[in-house]
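Written below as structure tokens is the structure these notes are about.
The values are calculated or read from the model by the stated rules, or taken from the named source; none is laboratory data. Here the structure is a predicted model, which is why all the values come from computation and not from measurement. Note: ideal-geometry Cβ built from the backbone for every residue, glycine included; neighbour counts use all protein chains shown.
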Amino acid sequence: MSLVSLCPAFAQEVTFTIVKTNGATADYVMNSDSKIYYSDTQIFIKSNGETVSYNLSELRKAYFSVNDDVDEVENQQFTIYPNPAKDVLKINNLSDNQCVTIHSIDGKMVKRIEISTEAEINISDLRPGLYIIGVGNEFSKFIKM
């Protein structure tokens, strides 16, 4: 199993929130010693000297925040659909001129796009599989059929 680092280290203290498919949430305070890694099936979070892991199939979304107002961040979460998608991935609830990145499950960036509040992203050139899409400090996963 090879691990890929999602973020090398944090310059300031932030909160990393995991939202599971059953609605349960978990918050992790991330500092300069914290790291996040993922493999093809799991995400590993090293925070405050402890490491926890989650199966990617259990996660609905994950995001970073720099304040304690999780509800405000939650309301700003972008949405993607359909999921799974074949040729086009639709995305909305964005601020103007956002940078969207799509990473393969092995951590390679496969697309980087500047988009406005709502957009359609052509994913027909991607191979079928699980991908991570990021907008600012928010991340979600989608399946390319």
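Restrict the check to the stretch 66-78 and report whether at least one residue is outside the structural domain of ARG127 (by TED's automatic domain parsing), buried (at least 18 other Cβ atoms within 10 Å of the Cβ), in contact with a helix residue (DSSP H, G or I) (Cβ under 9 Å, 6 or more places away or on another chain) and modelled with pLDDT under 85.
no
When you check THR101 against the structure, is it in contact with an Asp or Glu (Cβ under 7 Å, 6 or more places away or on another chain) and either at positive phi or free of Cβ contacts under 8 Å to residues at least 40 places away in the same chain (or both), yes or no?
No: the conditions fail for THR101.
Quick check: anything in the stretch 113-131 at positive phi and modelled with pLDDT of 85 or more?
Yes, that holds for at least one residue.
Spot the failing condition for ASN83; the list is (1) in a loop (DSSP other than H, G, I, E, B); (2) polar (S, T, N, Q); (3) modelled with pLDDT of 80 or more; (4) more than 17 Å from PHE139 (Cβ to Cβ), and only one is missed.
(4)
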